[in-house]
Amino acid sequence: RLLGFAVVVDPLCDYLGKALVEELRDRGVAVATTLSDYAAAGLAAMHDVAPPLELLTPAAGAEPAWLERAFSADGEDLPDTLTPLACFSESDCGIATAERVAAALKCRHANDVAPKRRHKWLLHEALAEAGLPRCRQRLCETAAEALEFFEDEVARGGARVVVKPCRGVGSEDVALCASREDIEAAMAMLGATTRYAGGPNDFVVAQSFLDGPEFAVDSVSRDGEHKVTAVWKYDKRPVGAAPFCYQATRLVSTEEAAPVLAALRRALDALGHDHGPAHSELIVDRGEPTLVELNARFHNADVR
């Protein structure tokens with residue numbers, strides 16, 4: 001007897017998305033899979049062939065019809081009484097797709113569609129509205145705006161600021177700036193690149209620099225209850241011109257990270273992350289844990 005059905009977006013890795021599909025099916029959940037537009041475009045460029053249309057995510061409003069076709073293609077009929085449970089994404093670029101599909105199918109375990117959980121500037125604005133620790137920041141369209149923010153931070157006693165895309169992964173294109181020249185170089189670099197998940201870097205985020213140990217927390221939530229599955233401590237160091245290079249990621253005890261976990265739970269509540277996995281990063285600056293970013297997906301690493 002099937003418990004319901006779920007959708008998995010971008011199930012590309014054997015140890016992650018594909019393993020999740022197998023686990024769900026083993027637990028009596030029917031599964032449909034799809035590719036986000038960004039992942040499909042990347043695969044097409046890599047292999048010089050477009051993915052079949054049936055693998056692509058449906059347009060907004062066409063999700064129910066797509067779901068019926070997806071199960072029919074696998075030789076299954078989707079019972080009208082089968083409960084839509086959840087929609088997961090393996091990738092960062094598929095999170096927005098997963099939120100949209102989950103809302104359209106009225107999944108039982110679904111968050112609202114909220115860019116604030118993906119957009120780095122919106123995220124910290126939401127933290128501020130909730131009265132939680134956050135980075136001072138400015139959304140910048142021009143180098144002049146970023147320079148003005150830098151000068152404000154220097155006046156506050158700060159020596160460095162971070163300039164980065166509104167969306168990104170793995171510290172890619174994140175610049176640590178300690179001078180006007182650094183700011184101008186960072187803005188020029190970002191202006192010449194595209195944003196992760198698509199689109200130009202027409203706006204970038206300038207933020208105060210949080211100086212302290214950085215933690216990554218893997219968690220899963222249901223109905224607003226948050227369970228932590230692993231806590232990691234990053235070892236990032238400058239290498240050449242790159243300010244944040246991963247040297248190691250080490251597991252730490254939940255006892256050592258207790259203040260970090262308390263801060264994370266408050267941030268998850270403030271951001272409306274009531275359901276599903278999360279891979280979140282926090283920095284402890286002068287004893288205060290601050291959420292840097294939230295990724296509504298599993299930890300994208302093979303830790304088997």
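The values are calculated or read from the model by the stated rules, or taken from the named source; none is laboratory data. Everything numeric in this text was worked out from a predicted model, so none of it was measured. Here the Cβ is made from the backbone with ideal geometry for all residues, glycine too, and neighbour counts use every protein chain on show. To get the accessible areas, we keep the full protein, side chains included, count just its heavy atoms, and leave off ligands, DNA and RNA. Shrake-Rupley method; radii C 1.70, N 1.55, O 1.52, S 1.80 Å.
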- Cβ-derived FRET efficiency at R0 30 Å, Val252 paired with Met189, nearest 0.05: 0.35
- For Thr33, enumerate residues with amide H under 5 Å from its amide H, sequence gap 5+ or separate chain, H modeled in the peptide plane. Val8
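Which GluC sites (Glu not before Pro) does the range 234-304 hold that lie in a coil by DSSP with at most 16 other beta carbons within 10 Å? Show your work: numbers first, answer last.
Values: sites: Glu255, Glu256, Glu281, Glu293; in loops: Glu255, Glu256.
Of the GluC sites (Glu not before Pro), the ones in loops of the range 234-304 whose Cβ has at most 16 other Cβ atoms within 10 Å are Glu255, Glu256.
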- With all protein chains present, how much of the accessible area of the range 119-185 (probe radius 1.4 Å) comes from carbon and sulfur, to the nearest whole percent? 46
- Task: Could you pull out every residue, at least 5 positions away or on a different chain, whose amide H is within less than 5 Å of the one on Lys233? Hs are placed 1.01 Å off N in the peptide plane, and Pro or chain starts have none.
- Result: Ala216, Arg250, Leu251, Val252
- Scalar couplings 3J(HN,Hα) for the range 258-265 by Karplus 6.51 cos²θ - 1.76 cosθ + 1.60 (θ = phi - 60°), nearest whole Hz, x for Gly and Pro, are 3, x, 5, 5, 5, 5, 5, 4
- For helix 143-155, report the angle its Cα long axis makes with the longest principal axis of the Cα atoms of the chain; keep it between 0 and 90° and round to the nearest 10°. 60
- Message: Which lysines, if any, have their Cα less than 23 Å from the Cα of Lys164, not counting same-chain residues under 8 positions apart?
- Response: Lys116, Lys120, Lys233, Lys236
- Note on the structure: Label model pair Arg286, Ser179: point-to-point distance (7 angstrom along the Cα→beta-carbon line) in nm is 2.7
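In square angstrom, what is the accessible area per residue of the chain with a 1.4 angstrom probe? Write down the numbers at each step before the final one.
Working: 15070 Å² over 304 residues.
With all protein chains present, the chain gives 50 Å² per residue.
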- Item | Normalised contact order of the chain, rounded percent, pairs of Cα under 8 Å and 6 or more residues apart | 17
- Note on the structure: Applying the gyration tensor rule to the Cα atoms of the range 135-287 (axes a ≥ b ≥ c; rounded if a/c under 1.5, else prolate if a/b exceeds b/c, else oblate), the class is prolate
- Whole-angstrom gap from the range 240-304 to the range 113-161, using each part's C-alpha centre: 19
- Item | Förster-model FRET efficiency, 35 Å R0, Ala301 and Leu43, C-beta, rounded to 0.05 | 0.95
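Rounded to a whole number, what % of the accessible area of the range 214-304 do carbon and sulfur atoms account for, probe 1.4 Å?
50
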- Item | Rounded if a/c under 1.5, otherwise prolate or oblate - the chain, Cα gyration tensor axes | prolate
- Message: Under 8 Å for C-alpha pairs, at least 6 residues apart: give me the relative contact order for the range 177-304, rounded to a whole percent.
- Response: 23
- Message: Please compute the modelled spin-label separation between Ala262 and Glu125, points set 7 Å along Cα→Cβ, answer in nm with one decimal.
- Response: 3.0
- Item | Residues of the range 26-44 with amide N under 18 Å of a point placed 7 Å along Cα→Cβ from Ser72 | 31-34
